[in-house]
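Asks: Dropping the structure in here first, questions after.
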Amino acid sequence: MDTKAFKRSLHHSDKYYRKGFGREKEITELLRSEYHSTLIRQIQENGYKLQWGEVTIRLAQAFGFCWGVERSVAMAYETRQQFPDKRIWITNEIIHNPLVNQNLRNMQVEFIPLKYGLKDFSVVAAGDIVILPAFGASIQEMQLLNDKSCIIIDTTCPWVSKVWNTVEKHKKVDYTSIIHGKYDHEETIATSSFADKYLILRNLAEAEYVCSYILNNGDRNEFLTKFYNACSIGFNPDTDLERVGIANQTTMLKSETEEIGKLFERAMMKKYGPNTLNHHFLSFNTICDATQERQDAMFELLEEKLDLVVVVGGFNSSNTTHLLEIASNKGIPAYHIDSSERIQPDNQIQHKPLHQDLALTENWLPSGAIVVGITAGASTPNRVVADVIEKIFEIKNKSTQLQTHCHD
Ligand code: SF4
């Protein structure tokens, strides 16, 4: 399929929108009232710190809603206002945040249901409006919606589109796209749909495996079994790894994407020599600024003397998980929660440790004076972060009051 030609024709269709509807002012007000927080503003104005009683909060200098997410949410709100009587669907959670997604449901913006684990587009009728979320949609979904004569509101973040363009460039010169991402993540599914030949690598260990295959050959069957879900149909590791280009899911750990790029660059240089490297390896910088800023701010925050870190964001949010990974690697107790409701009044917290199921930790806030580092993924509104901070203040102050009472 000529994905480029299809996209070009879609962009010229009168049923396709990728800009707002000129209602920015009223939407900005609405979003401010629903998602912003005075407490967070005060903390920011106070040098990203706040001390109250025994708790000192240190907020990361970059956290929460990124530009692409704000834009996507604003476009979804605008769409509802622009088409008050239309049925509106979203192909996926617009972003990975339960509050935002619930608010959209409350506005009668519906999510495409799943049937046997697959999206059931039979619910969508001609003339319905379908919103594509910030991390995009696959070319097959766009085609299907176009064939059904739906009105498409495309809120795909331009950073994600940039990766798609990179993959198109690989395709044009017949390179295999090596995508650093998770093969079952919506963004990576969309990105791979633009590629001709692709291989999705989750981490450095998988990249090392592939580079070793390039340099030393290996067990072809083992390779194909290992990447069964993560490569294009008919992928042949013996011929499809001769020319590779690097692409990424925009929310992966930046340092890891860079290392993977270097690993492939070195492998290709070793195999084909430095003079022909350009014929075998392509790399463009497609790491999104917001992801990078949040990760850098996390490293900076960890320079402080912290007792623990709370990372706020959806459990299926990739960029939030990477923030947790950074804190965990540093050996600081770190708790990933998706809302303040995970914090119980009796000093318990239900959280998601790295690569594990939900866990319950008791007495997670130590007694005495504590310094708590706080950050949030790119799809978390300030209001949710503020609720978390308030809960921590509440628990610590209550325990202080209790202790004082006992001493009396
Ligand atoms: S994290 Fe980056 S790529 Fe994703 S929506 Fe935000 S700005 Fe766009």
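The values are calculated or read from the model by the stated rules, or taken from the named source; none is laboratory data. Bear in mind the structure is a predicted one, so any value in this text is a computation, not a measurement. Heads up, the Cβs are rebuilt from the backbone with ideal geometry, glycines too, and the neighbour counts pull from every protein chain shown. The protein model used for the area step is the full one, side chains on, heavy atoms only, and it has no ligands, DNA or RNA in it. Shrake-Rupley method; radii C 1.70, N 1.55, O 1.52, S 1.80 Å.
Asks: If you count only protein heavy atoms with a 1.4 Å probe, what accessible area per residue comes out for the chain, rounded to a whole Å²? Don't jump to the answer; show the numbers that get you there.
Replies: On the way: 19070 Å² over 408 residues.
Computed with neighbouring chains in place, this is 47 Å² per residue.
Asks: Once amide H atoms are built 1.01 Å from N in the peptide plane, which residues 5 or more positions from ILE131, or in another chain, come under 5 Å H to H?
Replies: TRP89, ILE90, THR91, ILE153
Asks: Now, a different point. Alpha carbon centre of segment 114-176 versus segment 8-65: separation in Å?
Replies: That distance is 25 Å.
Asks: If you don't mind, there's one more thing I want to ask. If HIS280, HIS12 are ordered by their accessible area, calculated over protein heavy atoms with a 1.4 Å probe, which sequence runs from highest to lowest?
Replies: Numbers: HIS280 30, HIS12 150 Å².
Sorted by accessible area, descending: HIS12, HIS280.
Asks: Across segment 111-119, in residue order, what do the Karplus-derived ³J(HN,Hα) couplings come to in whole Hz, using 6.51 cos²θ - 1.76 cosθ + 1.60 with θ = phi - 60° and x for Gly and Pro?
Replies: The phi angles translate into 9, 4, x, 9, 10, 6, x, 10, 5 Hz.
Asks: Only Cα pairs within less than 10 Å get springs; with that Gaussian network setup on the chain, which residue of ALA62, ALA334, ALA359 has the largest fluctuation?
Replies: Of ALA62, ALA334, ALA359, the most mobile in the Gaussian network model is ALA359.
Asks: Moving on to the next point. Indicate, rounded to the nearest 5 percent, the antiparallel portion of the DSSP beta bridges found entirely in segment 160-287. Each step should come with its number before you reach the end.
Replies: Numbers: 1 of 13 bridges.
Of all bridge pairs located within segment 160-287, approximately 10 percent are antiparallel.
Asks: Using the reciprocal of the averaged 1/r over all distinct C-alpha pairs, how large is the Kirkwood radius of segment 163-281 in Å?
Replies: In segment 163-281 this quantity evaluates to 14.0 Å.
Asks: Dipole of the chain (Lys/Arg Cβ +1, Asp/Glu Cβ -1, origin at the Cα centre): which of MET107, SER13, VAL123 lies farthest to the positive side?
Replies: SER13
Asks: Keeping the other protein chains in place, figure out the carbon and sulfur percent of the accessible area of the chain, with a 1.4 Å probe.
Replies: 48 percent
Asks: Whole Å is fine, so just give me how far the alpha carbon centre of segment 180-251 lies from that of segment 319-372.
Replies: If we compute the Cα centre of each part, the gap is 33 Å.
Asks: Picking from THR166, THR320, THR239, which is most flexible by a Gaussian network model of the chain using Cα springs under 10 Å?
Replies: THR239
Asks: For segment 372-385, just list the computed ³J(HN,Hα) in residue order, Karplus coefficients 6.51, -1.76 and 1.60, θ = phi - 60°, integers in Hz, with x standing in for Gly and Pro.
Replies: 10, x, 10, 9, 8, x, 5, 10, 9, x, 4, 4, 5, 5
Asks: One-quarter of the Cα convex hull surface for segment 1-119, in nm²? Walk me through the numbers before you get to the answer.
Replies: Values: hull surface 46.9 nm².
The directionally averaged projection comes out at 11.7 nm².
Asks: For segment 78-120, go through all pairs of different Cα atoms, get the mean of 1/r, take its inverse, and jot down that Kirkwood value in Å. All intermediate terms of the calculation are to be shown ahead of the outcome.
Replies: Values: mean 1/r = 0.0897 Å⁻¹.
Hydrodynamic radius (Kirkwood, Cα pairs) of segment 78-120 is 11.1 Å.
Asks: Assuming 0.36 nm per residue, please report the length gained on full extension of the stretch ASN46 to ARG8 beyond their Cα-Cα distance. It would help to have the intermediate numbers written out before the result.
Replies: On the way: separation 38, 0.36 × 38 = 13.68 nm, distance 4.79 nm.
Extra length available between ASN46 and ARG8 comes to 8.9 nm.
Asks: A follow-up question, please. Which of the chymotrypsin sites (Phe, Trp or Tyr not before Pro) found in segment 1-34 are loop residues per DSSP with 16 or fewer other Cβ atoms within 10 Å of their Cβ?
Replies: On the way: sites: PHE6, TYR16, TYR17, PHE21; in loops: PHE21.
Here the sparse-neighbourhood loop sites are PHE21.
Asks: Given the whole protein assembly as supplied and a 1.4 Å probe, what does the accessible area of GLU34 come to in Å², nearest 10?
Replies: Taking all protein chains as shown, GLU34 has close to 60 Å².
Asks: Follow-up. By what distance, in whole Å, do the Cα atoms of segment 68-157 stretch along each of the three principal axes, largest value first?
Replies: Per principal axis, max minus min of the Cα coordinates gives 28, 28, 22 Å.
Asks: Report the percentage of all Cα-Cα pairs in segment 249-297 whose separation exceeds 15 Å, rounded to a whole percent. Please report the intermediate quantities before stating the final value.
Replies: Details: 589 of 1176 pairs.
Of all Cα-Cα pairs in segment 249-297, 50 percent lie more than 15 Å apart.
Asks: What residues qualify as long-range amide H neighbours of SER232, i.e. H under 5 Å apart, gap of 5 or more or another chain, H built at 1.01 Å from N?
Replies: Distant-sequence amide H within range of SER232: TYR198.
Asks: Let me understand the chain better: what is its radius of gyration from the alpha carbons, and its Dmax, in angstrom?
Replies: Final numbers for Rg and Dmax: 23.2, 80 Å.
Asks: Okay, next question. Share of antiparallel DSSP beta bridges in the chain, in percent to the nearest 5?
Replies: Working: 13 of 51 bridges.
The answer is about 25 percent antiparallel.
Asks: Amide H to amide H under 5 Å from TYR16: which residues, 5+ apart in sequence or cross-chain, H placed 1.01 Å off N in plane?
Replies: Answer set, sorted by chain and number: ILE152.
Asks: Quick one: accessible surface of LYS226, probe radius 1.4 Å, all protein chains present, in square angstrom to the nearest 10.
Replies: Its accessible surface works out to 100 Å², give or take rounding.
Asks: While we're here: Which whole-Hz ³J(HN,Hα) couplings does segment 334-346 yield from phi under the Karplus relation 6.51 cos²θ - 1.76 cosθ + 1.60, θ = phi - 60°, glycine and proline marked x?
Replies: Couplings: 10, 10, 9, 10, 9, 6, 5, 5, 6, 8, 8, x, 8 Hz.
Asks: Would you mind checking the tilt of helix 318-329 against the longest principal axis of the Cα atoms of the chain, expressed as 0 to 90 degrees and rounded to 10?
Replies: In the chain, helix 318-329 runs at an angle near 60 degrees to the longest axis.
Asks: Which length gain, in nm to one decimal place, applies between ASN106 and ILE370 when the Cα-Cα distance is subtracted from 0.36 nm times their residue separation?
Replies: 91.2 nm is the gain from fully extending ASN106 to ILE370.
Asks: Mind grabbing the accessible area of TYR198 for me, 1.4 Å probe, Å², rounded to tens?
Replies: That residue has around 40 Å² of solvent-accessible surface.
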